[in-house]
1. Output the number of residues of the range 163-189 satisfying the condition of being assigned to a helix (DSSP H, G or I) and at pLDDT 95 or above.
2. Checking GLU57 against (1) closer than 25 Å to LYS263 by Cα; (2) surrounded by fewer than 16 Cβ atoms within 10 Å (Cβ to Cβ); (3) charged (D, E, K, R); (4) modelled with pLDDT of 95 or more, only one condition comes out false. Which one?
3. For the range 69-79, indicate whether the set of residues that are modelled with pLDDT of 95 or more, farther than 21 Å from ASN158 by Cβ and part of a helix (DSSP H, G or I) is non-empty.
4. Can you pull out every residue in the range 217-231 that is free of Cβ contacts under 8 Å to residues at least 40 places away in the same chain and surrounded by fewer than 16 Cβ atoms within 10 Å (Cβ to Cβ)?
5. State whether one or more residues within the range 121-136 are open to solvent by less than 40 Å² (accessible area, probe 1.4 Å), at pLDDT 95 or above, of a type outside the set (Ser, Thr, Tyr) and more than 26 Å from LYS245 (Cβ to Cβ).
6. In this structure, is GLY237 touching a residue at least 60 places away in the same chain (Cβ under 8 Å), out of contact with any strand residue (DSSP E or B) (no Cβ under 9 Å at 6 or more places or on another chain) and of a type in the set (Gly, Ala, Ser)?
7. Just one of (1) open to solvent by 80 Å² or more (accessible area, probe 1.4 Å); (2) modelled with pLDDT of 95 or more; (3) touching a helix residue (DSSP H, G or I) at 6+ places or on another chain (Cβ under 6 Å) trips up LEU211, so point out which.
8. May I ask you to say which residue of LEU115, LEU104, LEU152 is outside any helix (DSSP H, G or I), within 18 Å of ASN73 (Cβ to Cβ) and touching a helix residue (DSSP H, G or I) at 6+ places or on another chain (Cβ under 8 Å)?
Amino acid sequence: MKGLKPEDYLEPACIFCTPEQEKVQPIDLRRCLGRLDEYLGRNDTAAAERHLNYWKEEALAGRDLRGLLTIENERMGLYRKLGREADAQAAVRSALSLVDQTGLQDTVTAATTYLNVGTVCKCFRQSGTALAWYEQARTIYERELAPDDPRLAGLYNNLALVLVDLRRFAEARDLYEKALAIVEQAENGAPDAAITELNLANLAEAERGLLEAEDEIEARLDRAKALLDRPDLPQNGYLAFVCEKCAPTFGYYGRFADAQELKERSEAIYARA
């Protein structure tokens, strides 16, 4: 993808300003991301978009390129969720340029950006391109992160989804199992484990067909529902998001009551937020 040039997003330097005045003024990322979580926790995507656009302008005004990179990563995710491909791809181009401008190309921050870029590509039916970005992220994550880091599980899940698209089923299953082993040991990892179980159900159907894989699919669905029903799970926006995300898969396999219950649970959690 063609990256932005610095002049595309940096304000011109003032010829009357002193070097002291040209210093970076970092944005308050804790405040920014905390409020963003509140908006997303009640599924208020319009407010989330306004919020991110405000902080993008603040980062630009303060010449905070690292803060701006964080904002662009969040905008990628939001626009992907909203299905707004042009806006998501604009955030992708900006984020990749910022990785280069900040010299972060071989860091975990860059790997997270590459993961997000890959997820945008996967969302908008560009599996081959997504695979290349995921592989770049994997090289850095596996070198820099502990083997049980939940970020690795997220990468493995996303990479496996692309491999299923490409009919590389054995590789995909191996990655799903690695992801499952990580999230099963993580604190409050049950929702992520449920997603992985459903991904494995979809893999079984893609690899062997619905009838031949029926027993495995049902077992995976049972395990996913049990994980989502655990009484110790925090009843927060992330659980609402996962329930909303998982409901259609239960419906697809004929588990309509489960699908409806998860949809209603998601709506109830959002309403209480």
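1. 17
2. For GLU57, the exception is condition (1).
3. Yes, the conditions are met somewhere in the range 69-79.
4. The answer is GLU218, ALA219, ASP222, ALA226, ASP229, PRO231.
5. No: the range 121-136 contains no residue that is open to solvent by less than 40 Å² (accessible area, probe 1.4 Å), at pLDDT 95 or above, of a type outside the set (Ser, Thr, Tyr) and more than 26 Å from LYS245 (Cβ to Cβ).
6. yes
7. Failed condition: (3).
8. Exactly one of LEU115, LEU104, LEU152 is outside any helix (DSSP H, G or I), within 18 Å of ASN73 (Cβ to Cβ) and touching a helix residue (DSSP H, G or I) at 6+ places or on another chain (Cβ under 8 Å), namely LEU104.
The values are calculated or read from the model by the stated rules, or taken from the named source; none is laboratory data. Fair warning: this is a prediction, and the values are worked out from it, not measured in the lab. So basically every Cβ, Gly included, is an ideal-geometry build from the backbone, and we count neighbours across all protein chains shown. Heavy atoms of the whole protein, side chains included, go into the accessibility calculation; ligands, DNA and RNA do not. Shrake-Rupley method; radii C 1.70, N 1.55, O 1.52, S 1.80 Å.
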